[in-house]
1. Considering the zone a paramagnetic label at residue 54 would reach in this model (a point 7 Å from Cα along the Cα-to-Cβ line), which residues of the range 69-94 have amide N under 17 Å from it?
2. Largest first and in whole Å, give the semi-axes of the chain's equivalent ellipsoid, each being the square root of 5 times a Cα gyration tensor eigenvalue.
3. Over the chain, what is the relative contact order in percent, taking alpha-carbon pairs closer than 8 angstrom and at least six residues apart?
4. Say each of residue 96 and residue 153 gets a label point 7 Å from the Cα, pointing the same way as Cα to Cβ; how far apart are those two points in nm?
5. Going by C-beta contacts inside 10 Å, put 134, 118, 148 in order with the fewest on the left.
6. Which of 25/164; 2/53; 2/82; 25/82 have a Cα-Cα distance over 25 Å?
7. How much FRET efficiency would the formula 1/(1 + (r/R0)^6) give for residue 161 and residue 21, where r is the Cβ-Cβ distance and R0 is 22 Å, rounded to 0.05?
8. Would you mind ranking 191, 150 so that the residue whose beta carbon has the fewest other beta carbons within 10 Å leads the list?
Amino acid sequence: MKPVPEYSTVRPGLFHWQGYEPAVKCDCSSTAIVTPAGLIFIDPIPLAEEALKDLVAESFSAPAAVVLTSGNHQRESLSLAKRCGIPVYAPSDAGDDIIADQRFRSGDPVAGMESIALPGFGPGETAFQHDGILIFGDSLINLEPEGLRLLPEKYRGEKMRSLKSLAALTGLKPQILLVAHGHPIVQDANLSLACLIERASTA
């Protein structure tokens with residue numbers, strides 16, 4: 001994938017960039033977020049050097065870690081970690097193909113964020129929550145024309161377990177929702193998530 005030339009600021013301390021990946025024929029998205037641990041990059045795709053410098057400067061925080069949401073998102077993590085001199089964190093059950101400096105157990109705190117295990121979607125699938133922000137990997141996608149929806153069933157490891165994982169998110173009230181494929185949801189994110197959970201439970 002060619003480096004993405006620019007990023008967007010979702011809100012202070014929260015950044016997003018997106019680009020088309022021909023290999024998977026899909027838009028891929030990445031998040032950077034400031035937590036008590038520093039500036040954390042989640043599922044990064046390539047970002048142009050000048051844009052990266054601007055993002056770090058705007059964050060007023062030192063890069064601290066690259067965090068992966070699953071065994072499917074090695075992406076640009078190793079290159080970015082090397083450029084910034086920071087470690088890569090990956091779920092303990094992300095699989096042997098993933099290269100990481102440290103492994104975490106989904107559900108444990110990670111780089112200043114709360115992690116939420118989402119079994120049934122894919123290897124090590126994990127969501128992250130911090131300060132009203134909820135960040136997903138592949139479990140949810142937000143691509144046109146359908147909008148926010150579950151990862152298609154053919155790509156999920158276990159349908160019933162994935163639905164139970166989704167149902168366990170009931171009660172979360174995110175102000176902002178981000179995904180690894182698609183644009184952020186910055187308005188009525190809690191309602192969007194609640195409606196998705198309800199639709200999935202009756203499908």
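What follows draws every value from the coordinates through simple rules; no lab data is involved. Quick caveat, the model's predicted, so the values are computed rather than measured. So basically every Cβ, Gly included, is an ideal-geometry build from the backbone, and we count neighbours across all protein chains shown.
1. Zone members listed by number: none at all.
2. Semi-axes (√(5λ), whole Å): 25, 18, 17.
3. Here the relative contact order equals 16 percent.
4. 3.3
5. Result, fewest neighbours first: 148, 134, 118.
6. Details: 25/164 29 Å; 2/53 17 Å; 2/82 18 Å; 25/82 27 Å.
Table pairs above 25 Å Cα-Cα are 25/164; 25/82.
7. 0.20
8. 191, 150
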